[in-house]
Amino acid sequence: MRAEPVEGDDPRAVLRGLRGAVLGAGPAITLGGGVPAGEVPSGTAVIVTTSGSTGHPKSVVLSRSALTSSALATADRIGSGAWLLALPAGYIAGVQVLVRALVSGREPAILAGSFSAHAFAAAAGAMASSDGGAAVPMYTSLVPAQLQTLLDAEDDGVRTGLRRFEAVLVGGQALAAPLAERAQAAGVRVVRTYGASETSGGCVYDGVPLDGVAVRIDDGEVQVAGPVLAEGYLGEPERTAAAFVRDAAGRRWYRTGDLGTFDGVLRVTGRRDNVIVSGGVNVSLDRVERLVRTLPGLSGAVVVAVADERWGEASVIAVPAADLAGTDVVALLREVRSAVGEALGAPARPRAILPVPAIPLLPSGKPDRAALRAAAARAAV
């Protein structure tokens, strides 16, 4: 089976490609670059290349069956209607907005250009609200930073537009409690979603798995099974085997790398690896730390995660105070953010520098990152 590359920053091109790949006999499409046109497994609809939880590229193979199973399960959970694409079409969350629209038989509305509160309100206002006299429910999907932008807007029309939606799916990163409370107070019907490219996007809504999706906790790790799972990673059988495992009954599970609990409601508590999700982008703190330690005066620095109301998570650089003696910390942070942003992208830029008396160590001699995270929280950096 053939696959053709499509520019992920052109939502209408992605929509055309998906129409053929998901509903018709068209070729599979590849998004995110890094995958040459060529042969892919039979039944493939989309290959999404992302940074992954390790910060290294991975090309996730998604079948027509997985994508449509996810779309149909979403409709069963929240209803079917008209969808507005306000996310980048080259990522799985944007792909699924378009697939849900295609499966429902309705053309999606597309927010053209850069995201802004006024552009969102205009796109929402232009959506058809009825069909043959019957009201058509409206749906959209956002990341928390977009939701905050809309709630921050000094324009009643923006909030009115938000309230028109039957459900606003919010995912890509943890939704901070204060932001969720603001949305509820504004009358916005938010549905928190949890998932990954490997699960065809969100597969757990408000903590409850979609129909057909199963969740289990294995050695503290959240694992997911069901018809929404990807086929694996293109051309990487070993990586696929490590991420997708079978139980004694032969059922296939995706190892998310997240830690959590599940008693009918999923609660995610963190990551097995040293990765944050900032603005919906996976950032490896190990990579950030390695780069930071190459800069003058920061060879002993440790980079740790902190909560961030706008972006979900951010990072802070813990540095022994003695190493900062006589240093303009503000100028140093500016230099660090510039270097990290240039090398690893804007979401990887550390938020602050935290002077500490000394780097606390575990018995193994490794930095005590939990203690440093707690120190950062106390300092509110």
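Considering only segment 152-200, state which residues are of a type in the set (Asp, Glu) and either closer than 18 Å to residue 85 by Cα or not assigned by TED's automatic domain parsing to the domain that holds residue 266 (or both).
The one that is of a type in the set (Asp, Glu) and either closer than 18 Å to residue 85 by Cα or not assigned by TED's automatic domain parsing to the domain that holds residue 266 (or both): 166.
Give the number of residues within segment 151-177 that are at pLDDT below 95, β-branched (Val, Ile, Thr) and within 23 Å of residue 280 (Cα to Cα).
Matching residues across segment 151-177 total 1.
Here are the criteria: (1) surrounded by 15 or more Cβ atoms within 10 Å (Cβ to Cβ); (2) more than 30 Å from residue 335 (Cα to Cα); (3) among the hydrophobic types (A, V, I, L, M, F, W, C). Tell me which single one residue 208 does not satisfy.
So residue 208 meets the others, but not (1).
Look at residue 345 and say whether it is on the phi < 0 side of the Ramachandran plot and out of contact with any Leu (no Cβ under 8 Å at 6 or more places or on another chain). Steps first, answer last, please.
Values: on the phi < 0 side of the Ramachandran plot: no; out of contact with any Leu (no Cβ under 8 Å at 6 or more places or on another chain): yes.
When the stated conditions are applied, residue 345 does not pass them.
Can you tell me which residue is modelled with the highest pLDDT among those in segment 221-236 that are among the acidic types (Asp, Glu) and over 19 Å from the mean Cα position of the chain (by Cα)?
The extreme case among them is 231.
Find the residue count for segment 103-119, including only residues that are in contact (Cβ under 8 Å) with a residue 24 or more places away in the chain and touching a Leu at 6+ places or on another chain (Cβ under 6 Å).
4
Can you list the strands (runs of 3 or more DSSP E) found entirely within segment 223-276 that contain at least 1 residues being touching a helix residue (DSSP H, G or I) at 6+ places or on another chain (Cβ under 9 Å) and not assigned by TED's automatic domain parsing to the domain that holds residue 303?
In segment 223-276, 244-246, 252-262 are the strands (runs of 3 or more DSSP E) which contain 1 or more residues that are touching a helix residue (DSSP H, G or I) at 6+ places or on another chain (Cβ under 9 Å) and not assigned by TED's automatic domain parsing to the domain that holds residue 303.
Looking only at segment 310-325, decide whether some residue is assigned to a strand (DSSP E or B) and more than 28 Å from the chain's Cα centre (by Cα). First the steps, then the outcome.
Pass one, segment 310-325, residues assigned to a strand (DSSP E or B): 312-320.
Right, trim to more than 28 Å from the chain's Cα centre (by Cα) and you get 319-320.
Looking for residues that are assigned to a strand (DSSP E or B) and more than 28 Å from the chain's Cα centre (by Cα), one finds at least one in segment 310-325, hence yes.
One residue is enough: does segment 268-290 have a residue meeting the conditions crowded, with 18+ Cβ neighbours inside 10 Å and farther than 30 Å from residue 87 by Cα?
No.
Only one of these is surrounded by fewer than 20 Cβ atoms within 10 Å (Cβ to Cβ) and touching a strand residue (DSSP E or B) at 6+ places or on another chain (Cβ under 9 Å): 81, 8, 90, 33. Name it. Can you show your working first?
Values: 81 fails: surrounded by fewer than 20 Cβ atoms within 10 Å (Cβ to Cβ); 8 fails: surrounded by fewer than 20 Cβ atoms within 10 Å (Cβ to Cβ); 90 fails: surrounded by fewer than 20 Cβ atoms within 10 Å (Cβ to Cβ).
Result: 33 is the single residue among 81, 8, 90, 33 that is surrounded by fewer than 20 Cβ atoms within 10 Å (Cβ to Cβ) and touching a strand residue (DSSP E or B) at 6+ places or on another chain (Cβ under 9 Å).
Looking only at segment 11-30, count how many residues are touching a helix residue (DSSP H, G or I) at 6+ places or on another chain (Cβ under 7 Å), surrounded by fewer than 21 Cβ atoms within 10 Å (Cβ to Cβ) and among the small types (Gly, Ala, Ser).
Result for segment 11-30: 1.
Looking only at segment 203-220, which residues are of a type outside the set (A, V, I, L, M), under 18 Å from the mean Cα position of the chain (by Cα) and on the phi < 0 side of the Ramachandran plot?
203, 205, 209
Would you confirm whether any residue within segment 81-99 is in contact (Cβ under 8 Å) with a residue 12 or more places away in the chain, assigned to a loop (DSSP other than H, G, I, E, B) and more than 17 Å from the chain's Cα centre (by Cα)?
Just the residues of segment 81-99 that are in contact (Cβ under 8 Å) with a residue 12 or more places away in the chain, to begin with: 81-99.
Then drop every residue that is not assigned to a loop (DSSP other than H, G, I, E, B), which leaves 81, 86-91.
Keeping just the survivors that are more than 17 Å from the chain's Cα centre (by Cα) gives 81.
Among the residues of segment 81-99, at least one is in contact (Cβ under 8 Å) with a residue 12 or more places away in the chain, assigned to a loop (DSSP other than H, G, I, E, B) and more than 17 Å from the chain's Cα centre (by Cα), which makes the answer yes.
From the list 329, 302, which one is outside the structural domain of residue 206 (by TED's automatic domain parsing) and crowded, with 21+ Cβ neighbours inside 10 Å?
The unique qualifying residue is 302.
Across segment 277-289, what is the number of residues that are of a type in the set (Ser, Thr, Tyr) and in contact with a helix residue (DSSP H, G or I) (Cβ under 7 Å, 6 or more places away or on another chain)?
Residues that pass the stated criteria total 1.
Which residue is surrounded by the most Cβ atoms within 10 Å (Cβ to Cβ), if the candidates are limited to segment 120-132 and must be farther than 16 Å from residue 106 by Cα and small (Gly, Ala, Ser)?
121
For segment 100-146, which residues satisfy the criterion of being of a type in the set (A, V, I, L, M), within 21 Å of the chain's Cα centre (by Cα) and within 22 Å of residue 194 (Cα to Cα)?
101, 142, 143, 145, listed by residue number.
The values are calculated or read from the model by the stated rules, or taken from the named source; none is laboratory data. Fair warning: this is a prediction, and the values are worked out from it, not measured in the lab. Cβ sites come from the backbone with ideal geometry, for glycine too, and all protein chains shown count toward neighbours.
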